[in-house]
1. Kindly establish whether S85 is under 18 Å from S117 (Cβ atoms), at pLDDT below 95 and either surrounded by 12 or more Cβ atoms within 10 Å (Cβ to Cβ) or not acidic (D, E) (or both).
2. With P161, P102, P128 as the choices, which residue is within 18 Å of D43 (Cα to Cα) and of a type outside the set (S, T, Y)?
3. Report, by residue number, each residue of the range 49-66 that is touching a residue at least 60 places away in the same chain (Cβ under 8 Å) and surrounded by 13 or more Cβ atoms within 10 Å (Cβ to Cβ).
4. Would you confirm, using the coordinates I've provided, whether Y97 is in contact with a Pro (Cβ under 9 Å, 6 or more places away or on another chain) and of a type outside the set (S, T, N, Q)?
5. Out of curiosity, is T153 surrounded by 11 or more Cβ atoms within 10 Å (Cβ to Cβ), modelled with pLDDT of 95 or more and touching an Asp or Glu at 6+ places or on another chain (Cβ under 8 Å)?
6. Kindly check whether there is at least one residue in the range 116-136 that is modelled with pLDDT of 95 or more, within 15 Å of the chain's Cα centre (by Cα), among the β-branched types (V, I, T) and farther than 26 Å from D91 by Cα.
7. Considering only residues of the range 90-108 that are acidic (D, E) and over 21 Å from E146 (Cβ atoms), which is nearest to the chain's Cα centre (by Cα)?
Amino acid sequence: MKKTFKAILILGLCICSCKKSLTSSNQNLITNDSLQLVELILDREQAMIKKDVDLVMSQFSDDATWINSQGYLFEGKRELGKFHSMFFENDSLNYYYEIGIPKIRFLDHNSALAYYSWKMFWIKKENPADTTFKEIGLMTLNAQKEKGKWQWTAITNQHTPWFFNEVKPVQIE
């Protein structure tokens, strides 16, 4: 129920953020595609929380790339799997993971960008009250739709000083 409500809320925000005037059929495509992309993001959040590497990896194209917040480039699904397994199989640390409300930007009917804030607080397994490191950042994901299915093809992850519950445009005056 919580996931469905969150998806509907996020979808509404995504639709409201579209600035182009669209035909009814284009609006329906964007609405359906927005919902699919938001669902991918919400599924990723749950997979990170549950440490479900199979669900995480099912979202990536075979040739996906990932630049992590330290600037390391991982190429291909196999390397991305190893990268995620480092989190899930850590012997001494556990983590708390949460994301903010995603912002979706369509480049065309088969290409989109997704942005969302994330936080990952690392906790010692032997003493859960001991938070050893607080990571906060912004995820930028490039999605491609092939044969009606969206997949992440390129991801950049960067640290930010604050957690933004929602990614909003700013204007410099």
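The values are calculated or read from the model by the stated rules, or taken from the named source; none is laboratory data. On a predicted model such as this, the values are computed, not experimentally measured, just so you know. Positions of Cβ are generated from backbone atoms using ideal geometry, with glycine treated the same way; all protein chains shown enter the neighbour counts.
1. no
2. Numbers: P161 fails: within 18 Å of D43 (Cα to Cα); P128 fails: within 18 Å of D43 (Cα to Cα).
Just one listed residue meets the conditions, P102.
3. Within the range 49-66, the first condition is being touching a residue at least 60 places away in the same chain (Cβ under 8 Å), and the residues that meet it are 59-61, 63-66.
Within the range 49-66, Q59, F60, S61, A64, T65, W66 qualify.
4. It is false that Y97 is in contact with a Pro (Cβ under 9 Å, 6 or more places away or on another chain) and of a type outside the set (S, T, N, Q).
5. The answer is yes for T153.
6. no
7. My answer is E98.
Residue-by-condition table, conditions (1) of a type outside the set (D, E, K, R); (2) surrounded by fewer than 17 Cβ atoms within 10 Å (Cβ to Cβ); (3) in contact (Cβ under 8 Å) with a residue 60 or more places away in the chain:
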{"position": "I104", "(1), (2), (3)": "yes, no, yes"}
{"position": "F121", "(1), (2), (3)": "yes, yes, no"}
{"position": "P128", "(1), (2), (3)": "yes, yes, no"}
{"position": "M139", "(1), (2), (3)": "yes, no, no"}
{"position": "T160", "(1), (2), (3)": "yes, yes, no"}
{"position": "V167", "(1), (2), (3)": "yes, no, yes"}
